[in-house]
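Engineer: Questions regarding the structure given below will be posed in turn.
The values are calculated or read from the model by the stated rules, or taken from the named source; none is laboratory data. From a predicted model like this one, the values you see are computed outputs, not experimental measurements. Cβ placement follows ideal geometry from the backbone for every residue including glycine, while neighbour counts extend to all protein chains displayed. SASA here: full protein model, heavy atoms, side chains in, ligands and nucleic acids out. Shrake-Rupley method; radii C 1.70, N 1.55, O 1.52, S 1.80 Å.
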Amino acid sequence: MVSPSDIADSIYRHRQLLRLSQAELAELAGVSHSFVTKLEAGKANPGLKQLNQLLDVLGLSLSIVPKI
């Protein structure tokens with residue numbers, strides 16, 4: 001199971017790989033800078049729309065797969 005901290009960690013790592021600041025990511029994704037800051041700190045719970053906006057900018061996707 002993927003935890004919220006796993007998601008936050010992935011967003012942080014990919015943002016760093018792309019050499020984007022939190023403010024740049026926020027602007028590109030159409031969310032607030034404070035939201036990105038809180039999300040990476042594990043203090044925000046994004047909705048699917050916000051999460052998809054961030055993941056799209058980072059070149060990531062969200063998948064739902066059956067448990068084995």
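Engineer: How many residues does the stretch 1-33 hold that are part of a loop (DSSP other than H, G, I, E, B) and either in contact (Cβ under 8 Å) with a residue 60 or more places away in the chain or within 16 Å of residue 62 (Cβ to Cβ) (or both)?
Structural biologist: 4
Engineer: Restricting to the stretch 34-45, and then to whatever is open to solvent by less than 90 Å² (accessible area, probe 1.4 Å) and in a helix (DSSP H, G or I), can you tell me which residue is farthest from residue 59 (Cα to Cα)?
Structural biologist: In this case the residue turns out to be 34.
Engineer: Can residue 57 be described as farther than 18 Å from residue 5 by Cβ and either buried (at least 18 other Cβ atoms within 10 Å of the Cβ) or in contact (Cβ under 8 Å) with a residue 12 or more places away in the chain (or both)?
Structural biologist: Yes; evaluated as a whole, the condition is true for this residue.
Engineer: Please work out which residue is nearest to residue 68 (Cα to Cα), limiting yourself to the stretch 34-49 and to residues that are modelled with pLDDT of 95 or more and among the polar types (S, T, N, Q).
Structural biologist: Among them, the one singled out is 37.
Engineer: Counting only residues that are under 10 Å from the mean Cα position of the chain (by Cα), open to solvent by 60 Å² or more (accessible area, probe 1.4 Å) and at pLDDT 95 or above, how many does the stretch 1-33 have?
Structural biologist: Going through the stretch 1-33 one residue at a time, the tally reaches 2.
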